[in-house]
Every structure is written in structure tokens, then in C-alpha cells.
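Here's the structure we're looking at; comments come further down.
The values are calculated or read from the model by the stated rules, or taken from the named source; none is laboratory data. Since we're looking at a predicted model, the values are computed, not measured. A quick note on method: Cβ atoms are made from the backbone with ideal geometry, for glycine too, and the neighbour counts reach across all protein chains shown. Note: areas computed on protein heavy atoms with side chains; ligands, DNA, RNA excluded. Shrake-Rupley method; radii C 1.70, N 1.55, O 1.52, S 1.80 Å.
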Amino acid sequence: MAGAIESPEAQVKFIEDAASSTGLAGALGTLATVVHYVASIVIVAGAVIGYIPQYRAIARSQNADGFSTLVSLILIVSNTTRVFFWFGRDFEVTLLYQAVAVVACQLAMIQLCTRVRVATQRADKRLRRFTDFNVNEFWTWDDFASYVQAEASLVGLLVAFSIAFMRYEWFVDALGTLALGVEALLGVPQIYRNFVKQSTAGLSLAMIVSWFAGDAFKTVYFLGSGAPAQFLYCGMFQLMCDSVILYQMFVAYAHEKNRVDVTSWCKARFLRRWVRRLVNPRERVGSDSRGGSRLSDASNV
């Protein structure tokens, strides 16, 4: 009956239902916040972590031939431009943090590759520098400072253009298209390098797998976060390039001496060692010349 006074029991039940509903909404809101922060961390860290295996491989072998420094050029240019795109479009701040992290990571890769290359060349060879302003020697300089100077020049150029044109929508759109369009070409230099060499030797499988996983994750993230369309197109094209590189590693150049062996890659030495100990408990552990422990020679085959 309209306007009737509810019993105290009914009022208490109504309050409990409202509180329960509010509590559920609050819990869902907290969960959504946690998921958002976790996804943001994965987006930023995932763009960098994938290069750690390649960095370690170059540092260990003192050979940077398997890694194309044009990849670093593409990432530095695209992510530096993306920073300025953010000031004009103000999209998800996580993507801004990712851009800064990627630039720092690629500068570290360039520093290592340059140091390794210079260490193996003749002492009397002329050093190539940015200040020589030789177009034919672009991005093949022999000192890390030259790459830093190139990045500083790019930042200065973008600052000047942004001050003059940032108020125009067409300029902001052009920045976004340039940033994401260049980044979409990330895998192209590596694909070309593999094709010319007819080999993927020296290329880290872990890095390429992380590219594919990261590009797939961030494409989904772009869809869910409402990022500008340029981000989505970039992610989809990068997934295609990653697939081509994986095809080169597993199919096109699988005949080469240094082909990727999935079984060997997945079964790391330490894993094989402990599995064998579990399967064959009688297998003894001996001491090597450095005082550490190892299995018998047969276990290392």
C-alpha cells in the first residue's frame, strides 16, 4: 500500500541490502583500481624487460652483430615524439611513463653496442662522431656522446615546433601519427637484417617473444583504455612484424647452423641438471676447480 510505514524488520533489511550493495560496489571499484595499476606496471616494465636478455647476450659475447641498432633509432625517435604528443592530447599517463622508460632503455643498448663495436675495431681507425655532420655515417657513430647529442637535437627540434604549433589540432594529430607510425616500423629493420644475412644468429629469442607478448598485451590495453586510434593501428602492425620475425627464426632460416632450437632454449642447463638429479638420485655431485658444485661430465652433455 502506497505511503504505508514499513515495519522495523523491513527497514533493517533494506539498510542491510543497501550496505551490502554499496560494499560490493566498493570492492569491485577497488579490484578495478588494482587491475589498472597492475596493467600499467606491466605496460611500462614489459617495454623494457624484453631487452635484458639481448643486452646480457651482447655483454657476454662482446658481439653486437645480431642486434640492429636501427631498432633503437626507431624506438628513440618514436617515443621521444610520443612524449610531446601526450602534452597535446593528454592520453593515459602510463603511456607517457612507458615512452620515457623505452628511451632510457634504448640509450643503454646503444651505449653497450657502441662500446663493443669500438673495442673490436682497429686502433688507428678514424672515430665517427655526430659533430662531423656526415649523412653517410648517421647512426653509426663511434662514441656514445654522439647519440646523446642526436637525441638532444631531436628534443630541441620538437620543443621549437611544439611552441609554434601545439595549439593547432592538425599538428597534434601529425605528432601522434609520426610517433606511432615510426614505432610501428620497429621490427622492419630486424626483418631486413635477417633477410640480408639469411640468418637469425645472435638474435635473442626471449627478446622477440617478449615483443610479441608485449605488443599483444598493449593492443588489448589500448582497446580498453580508450587510447587514440594511432596506438591501436601501431599495435596491430607490430604484431604482424613480430610474427614475421618468429617465422624467420623457426621456419625460413631453420636450416642454419645457429637456428633456434625450442627444446634447448626451454631446457636451461640448471633445469636439466636438477631434473637429472631427481630422476637419478645416485648421480653424484662433485666439486669443480673453483670450489663450486657440479654434476658429473655426463650430465652436462
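Could you please let me know if PHE217 is open to solvent by 20 Å² or more (accessible area, probe 1.4 Å), touching a residue at least 40 places away in the same chain (Cβ under 8 Å) and more than 20 Å from the chain's Cα centre (by Cα)? Step through it out loud before you land on a result.
On the way: open to solvent by 20 Å² or more (accessible area, probe 1.4 Å): yes; touching a residue at least 40 places away in the same chain (Cβ under 8 Å): yes; more than 20 Å from the chain's Cα centre (by Cα): no.
For PHE217, the condition - open to solvent by 20 Å² or more (accessible area, probe 1.4 Å), touching a residue at least 40 places away in the same chain (Cβ under 8 Å) and more than 20 Å from the chain's Cα centre (by Cα) - is not met.
If we keep just the residues of the stretch 129-144 that are over 18 Å from ALA64 (Cα atoms) and touching a residue at least 12 places away in the same chain (Cβ under 8 Å), which is farthest from the chain's Cα centre (by Cα)?
THR131
Yes or no: LEU185 more than 20 Å from TYR55 (Cβ to Cβ), in contact with a Ser or Thr (Cβ under 6 Å, 6 or more places away or on another chain) and open to solvent by 40 Å² or more (accessible area, probe 1.4 Å)?
Details: more than 20 Å from TYR55 (Cβ to Cβ): yes; in contact with a Ser or Thr (Cβ under 6 Å, 6 or more places away or on another chain): no; open to solvent by 40 Å² or more (accessible area, probe 1.4 Å): yes.
The answer is no for LEU185.
Test PHE87 against the stated conditions and say whether it is closer than 25 Å to VAL42 by Cα, at pLDDT below 90, assigned to a loop (DSSP other than H, G, I, E, B) and not hydroxyl-bearing (Ser, Thr, Tyr).
Here the answer is no, as PHE87 does not meet what is asked.
So, in the stretch 153-180, of the ones that are among the hydroxyl-bearing types (Ser, Thr, Tyr) and either open to solvent by 50 Å² or more (accessible area, probe 1.4 Å) or not in a helix (DSSP H, G or I) (or both), which residue ends up nearest to GLN230 (Cα to Cα)?
Pass one, the stretch 153-180, residues among the hydroxyl-bearing types (Ser, Thr, Tyr): 153, 162, 168, 177.
Those left that are additionally either open to solvent by 50 Å² or more (accessible area, probe 1.4 Å) or not in a helix (DSSP H, G or I) (or both): 153, 168, 177.
Working: SER153: 25, TYR168: 18, THR177: 6 Å.
Out of the qualifying residues, it is THR177.
Return the pairs, sorted by first residue and then second, in which the second residue is outside any helix (DSSP H, G or I), the first residue lies in the stretch 88-112 and is among the small types (Gly, Ala, Ser), the beta carbons are less than 8 Å apart, and the residues are 6+ apart or on different chains.
That search, which allows pairs on different chains as well, returns GLY88/MET166.
Tell me which of these SER72 doesn't satisfy, since it passes every other one: (1) out of contact with any Asp or Glu (no Cβ under 8 Å at 6 or more places or on another chain); (2) of a type in the set (Ser, Thr, Tyr); (3) farther than 16 Å from ARG115 by Cβ; (4) at pLDDT 90 or above.
Checking SER72 against (1) out of contact with any Asp or Glu (no Cβ under 8 Å at 6 or more places or on another chain); (2) of a type in the set (Ser, Thr, Tyr); (3) farther than 16 Å from ARG115 by Cβ; (4) at pLDDT 90 or above, the one that fails is (3).
Restricting the first residue to the stretch 145-174 and requiring it to be on the phi > 0 side of the Ramachandran plot, which pairs with a second residue that is open to solvent by less than 50 Å² (accessible area, probe 1.4 Å) meet a Cβ separation below 8 Å and a spacing of at least six or different chains?
Close Cβ pairs satisfying both conditions: none exist.
Scan the stretch 224-238 for residues that are open to solvent by 30 Å² or more (accessible area, probe 1.4 Å) and at pLDDT 80 or above and report the count.
Step one: filter the stretch 224-238 for residues open to solvent by 30 Å² or more (accessible area, probe 1.4 Å), giving 224-226, 229-230, 232-233, 236-237.
Of the ones still in play, those that are also at pLDDT 80 or above are 232-233, 236-237.
Residues flagged as open to solvent by 30 Å² or more (accessible area, probe 1.4 Å) and at pLDDT 80 or above within the stretch 224-238 amount to 4.
Does ALA150 satisfy being open to solvent by 50 Å² or more (accessible area, probe 1.4 Å) and either among the small types (Gly, Ala, Ser) or in a loop (DSSP other than H, G, I, E, B) (or both)? Spell out how you get there, then give the answer.
Details: open to solvent by 50 Å² or more (accessible area, probe 1.4 Å): no; either among the small types (Gly, Ala, Ser) or in a loop (DSSP other than H, G, I, E, B) (or both): yes.
No, not satisfied.
Count, please, the residues in the stretch 58-81 that happen to be touching a Leu at 6+ places or on another chain (Cβ under 9 Å), in a helix (DSSP H, G or I) and among the small types (Gly, Ala, Ser).
Total satisfying the criteria: 3.
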